[in-house]
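Structure first, commentary second.
What follows is calculated from the coordinates using simple rules that are stated; it is not laboratory data. Here the structure is a predicted model, which is why all the values come from computation and not from measurement. Virtual Cβ from ideal backbone geometry, glycine too; neighbours counted across all protein chains shown.
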Amino acid sequence: MIKFSTNSTTAVCRVALLTALASASLSAQVTTLTFEGLQDLEPIENFYNNGLGGFGSGPGLNFGVSFSSDAWALIDSDAGGNGNIGGEPSPSTAMVFLSSTAVMNYPTGFTTGFSFYYSSINNPASVSIYDGINKTGNLLATIPLAATSSDGGDPSGAFSPFFPVGVSFSGTARSVDFGGTANQVVYDNITFGSAVPTGVPEPSTYAAIVALAAIGGHQWYRRRKAD
């Protein structure tokens with residue numbers, strides 16, 4: 001048990017305690033979606049909104065976050081799924097989308113920053129952040145995403161490794177539009193409230209991996225062979 005004296009040190013201790021509590025409160029606002037617990041190729045939908053994924057998985061943690069129906073979970077083929085992926089920051093599930101964009105809604109809103117990991121070995125992409133739901137209202141920030149290099153996976157998977165990106169912004173964000181070429185961008189560890197994604201590498205490592213080289217000829221998933 002921590003005890004405080006009744007002398008002048010008390011005021012200093014109280015200030016320190018309040019500062020610590022404020023820091024803890026701010027830290028608690030940083031939330032990361034890893035997509036673990038969803039099935040392979042399952043629409044994410046309301047899994048993080050006190051509901052279920054498209055195949056009935058969940059509910060996951062209730063963050064008040066929902067996804068449009070074209071945003072799916074994807075499990076690494078090395079873990080038994082269809083994912084042509086590797087090096088995920090939180091194995092073995094990530095997010096993909098099957099049309100021109102996928103929209104994530106967070107009606108209560110988040111502030112300060114937004115970050116994630118991604119792999120997009122064939123095409124560039126972009127992510128846009130809005131202060132209204134369903135990508136409406138003011139555009140708060142856009143993150144351009146370069147095409148990424150591939151190391152062949154762990155032990156397989158062309159969409160590997162995943163690269164960390166993030167952005168700081170002013171205002172309160174309530175939706176995110178994940179744009180790019182359908183079937184060609186994979187996202188993981190989506191983080192609200194911080195411009196630095198969870199598990200980001202040391203600066204020296206980060207500087208090395210941001211030298212991206214685009215290569216082509218792959219898809220983010222592998223279809224299973226017919227029985």
*Work through the residues other than GLY132 whose Cβ is under 14 Å from its Cβ and net out their charges, Lys, Arg +1 and Asp, Glu -1.*
0
*Which of the peptides 164-171, 29-36 is most tightly packed, and how do the rest follow, judged by the mean count of other Cβ atoms within 10 Å per residue?*
29-36, 164-171
_With a cut-off of 8 Å between alpha carbons and a minimum separation of six or more residues, what is the relative contact order of segment 30-209 in percent?_
26
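Based on alpha-carbon positions alone, could you give the equivalent ellipsoid semi-axes of segment 30-209 from the gyration tensor, as √(5λ), descending, whole Å?
Details: eigenvalues 103, 79, 41 Å².
Result for segment 30-209: semi-axes of 23, 20, 14 Å.
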*Expressed in whole Å with the largest first, what are the equivalent ellipsoid semi-axes of segment 77-126 derived from the C-alpha gyration tensor as the square root of 5 times each eigenvalue?*
24, 15, 12
*asked:* Explain nothing, just the number: relative contact order of segment 52-136, from Cα pairs under 8 Å at least 6 residues apart, as a whole percent.
replied: 27
